[in-house]
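A short worksheet on the structure shown next.
The values are calculated or read from the model by the stated rules, or taken from the named source; none is laboratory data. Note that the structure is predicted; figures quoted are calculated from it, not measured. Every residue, glycine among them, receives a Cβ derived from its backbone with ideal geometry; neighbour counts consider all protein chains shown.
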Amino acid sequence: MTATTTARPALATDGRTRRRTPARDFRTTRWGWAYSAPAVLIFSAFVIVPTGYTFYVSLWKWNALNPAMSVYRGLGNYQRLFDATQPTFLSSLWHSLYFSGAMVVGGTALSLALALLLQRGGALLNASRVALFLPHATPMIATSMIWVWIFNPRFGLADWMLHSLHLPTSQWLQSSTSAMPAVIVYSLWHEVGFTTVVFLGGLAVLPNELSEAARMDGCSAWQEFWHITWHQLRPVTVFVVAITAITSLQAFTQFYQLSDGGPVYATTTLSYLVYQEAFVLSDTGYGAALAVVLFAVTVFFTLVRRRTATGADSALT
Amino acid sequence: MTASSSRGVRSLIRAGRAGRLARRVLALLIGAAFVFPFYWTVVISLGRPGEFSDFPPVLLPHWDWSNWSRAWHAAPWVRLFGNTVLIASGTVLLCLATSLLAGFAFGVLRFPGRKFLTMLVLAVLMMPGTVLIIPDYVLASDLHLLNTYWIQIIPWGASVFGIFLVRQFFLAIPQEILDAAALDGASRLRVLWSIGIPMVRPALVIIAVNVFLGSWNSFLWPVIMTSSSMDSSSTVQPVEVGLSTFASAEGTDFPGLAAAVTFTTLPVMAFFLVLQRQFIRGALSAAGGVRG
C-alpha cells in the first residue's frame, strides 16, 4: 500500500479506493469517529474507565457508604490474598480453574461428539439440535432452581436414575466433594447446545475432497475423523475452547443459585468470591483486588487464544 | 485401535440402515434428555401437594392448577414481566442504533483514528462483567442511577458482537452500490438509512434476538443494581430477579416454585422456539465473541 502511494501520489491514499470518486469522496470523512461515538462512549463509561477504576479501588480499604472515608492501603489488599482466612483466595482460584478446566475439556469433547452425531441430519436430527440449544436460551436462574430438585438426594431425578441403574447414588450439591461435579453437570447441560451449533457450523463448511480421498485410500471412520476432520476443525476448536474458558471463569449465576458457594466453600470460585467480598461482606477494596486477579487470568487466556488462533477469528483482527 | 474394530465403528456410523436408525434413536434420546428437566418442572408444578418428594419421582402431571394460582398471587409478576420487556426492548433499540452506526463507521468509512477505535472496541472483549461489577456499582451509586431502568439499559446498549457483525455485512456489500448512491448526492446518513439498513437487515435481526434474550436472562447485573428496589408496587427489578427473591421467600413451597419457574420461563422459551433459526445463525456468527 505504501509503495502504491509513493509511486502514484495522485491517487487516493486509501488502498481500497482504486480511483477518486468523481463527485466527492464518500468514504473518507473527518467525522467518521462521530458514527462510532455512541458505542465508544458507552464502552468508555461502563467498561474501559471502570476497569482502570478497579485497580484504583483495589489499593484502598474502600468505604462503600462514604468513599471519602476510605483508607489507602497500597498493595495491602493483594498481600491479604495469601492470608489463611476462609475461604482462601488460593482455594477459590483452584475452584475456578477446576471448573473451567472441566468445562473446557468436557464441553469441547461433548459438543464435538454431539455435532458429529447431528450433522447432515433430517428433520429429526434438527429437532434434537433445537432441543440441545433450548437450555442455553433459557434463564440460568430458573433452570438452576430445576436442577436443585434434580440433584436432591431424597427425591431427585439424578439419584433416581443412578438407583434404577444399580449404581451408587450421590449427595450431589450437599457434599463438598460432589458439589463441584454437580455444578459442572448442570453447566454442561446449559452450555453445550451453543458450542455444538458452533461445531456444526464448522463441519458444514468443511470441503469434502480430503475425506473422500481418505475413504478411497481405505481409512477407517476413526482414522478419517482423527487425521482429517479434527485437523480441519482446529480453528473452530480453538474458538470453542477460548469462549468456554472465558465464560467459565466469569460464571456466577449457577454458583449463586445452585450451591451458594458451598458446602464449606467447595464451590466458591474467584468470581463468586468477588461478589461475596464486595457485596455481601462490603469489603469493596479486597473484592476489587480479587477482580484484578480475575481480570489478569482472563487476559492471559485471551492472549493465549490470540497467539494460537489461526483462521477462525482472524477475520476480526 | 485395531483395523477390524475401527472398520466396525465405520460401518456403524456411515453405512447401512441399521446405523442410520441407531443414530436417529440416539439423537432422539439425547434431545429428550436435554428437554426432560423442563417437563419434570411442569409435572411438579401440576402435582398434588407433598407429591413432589415421592421416591421414585412422579413423572406424570395431575393437572392440579392450585400451585399456579398460589404462586401467581404471591408476587407482582405483571409488573416484573413489564420491567423485563421494557428493559430488554430498550437495550435492543439502543444496541441496534450503536451497532449500526459503529459498524458503518468501521466497515465503510475512512477516518483518522479508525484503527485505534477498532482496537479499543475489541479490547472491551477482554474486560469481563464480573470485574466491572464493582466499579460500575460505585459509578451508578455516584450518579444516583441505582434502582432505575437506566442503569439496566444504557450500560448494555453497545455490543462488540453487534458492531463487528454489522461491519462484516458492510464489508460484504459491493463498494459500487454505496458509492453510486453517494454520487446521486445523498448524504452519508441518508445512504446508511435507505441503502445500508436494508442490506444489513439479517445482521440486525440476529443482534436484536440475541440482545433481547441476553437482557432477559441476565442476573448478576440487575440483582446488584436494583438490590434495594423491593417495594412491589414500584419495583424496577426484572422478572428473573423477582423469581430469585420469590425462591428465597417461598423456598419450601416446591410445587409453587415450580409453577413460578414454568410461567416465567415459558415466554422466553416461546420466543426462542419461534426465532430459533436466528439464534442458530447467531451462534454460527459468534466468532465476534460475547460480552459479559
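Only one of B:Pro37, B:Pro56 is at pLDDT 85 or above and not β-branched (Val, Ile, Thr). Can you tell me which?
Of the residues listed, the single one that is at pLDDT 85 or above and not β-branched (Val, Ile, Thr) is B:Pro37.
For a quick check of your reading of the model, give me the residue pairs whose first member lies in segment A:172-201 and is aromatic (Phe, Trp, Tyr), whose second is not in a helix (DSSP H, G or I), with beta-carbon atoms closer than 9 Å and at least 6 apart or on different chains.
Within 9 Å, the pairs are A:Trp172/A:Phe151; A:Trp172/A:Asn152; A:Trp172/A:Pro153; A:Trp172/A:Gly156; A:Trp172/A:Ser178; A:Tyr186/A:Phe151; A:Phe199/A:Gln119; A:Phe199/A:Leu233.
Can you pull out every residue in segment A:101-160 that is assigned to a loop (DSSP other than H, G, I, E, B) and of a type in the set (Gly, Ala, Ser)?
A:Gly121, A:Gly122, A:Gly156
Quick one: is A:Arg120 of a type in the set (D, E, K, R) and crowded, with 17+ Cβ neighbours inside 10 Å?
Here the answer is no, as A:Arg120 does not meet what is asked.
Can you pull out the residues in segment A:46-60 that are small (Gly, Ala, Ser) and either at the interface with another protein chain (Cβ under 8 Å from one of its Cβ atoms) or outside any helix (DSSP H, G or I) (or both)?
If the condition is that a residue be small (Gly, Ala, Ser) and either at the interface with another protein chain (Cβ under 8 Å from one of its Cβ atoms) or outside any helix (DSSP H, G or I) (or both), then A:Ser58 is the only one that fits.
Give segment B:119-144 a look and list any residue that's without any contact (Cβ under 8 Å) to a residue 40 or more places away in the chain and farther than 24 Å from A:Ala296 by Cβ, or say none.
Answer for segment B:119-144, where residues must be without any contact (Cβ under 8 Å) to a residue 40 or more places away in the chain and farther than 24 Å from A:Ala296 by Cβ: B:Ser141, B:Asp142, B:Leu143, B:His144.
Suppose we filter segment A:202-233 for residues that are more than 23 Å from the chain's Cα centre (by Cα), within 17 Å of A:Ala109 (Cβ to Cβ) and touching a residue at least 12 places away in the same chain (Cβ under 8 Å); how many remain?
Final tally of qualifying residues: 2.
If a residue has to be hydrophobic (A, V, I, L, M, F, W, C), facing another protein chain (nearest Cβ under 8 Å) and over 18 Å from A:Phe55 (Cα atoms) to count, how many in segment B:126-158 make the cut?
Number satisfying all stated conditions: 2.
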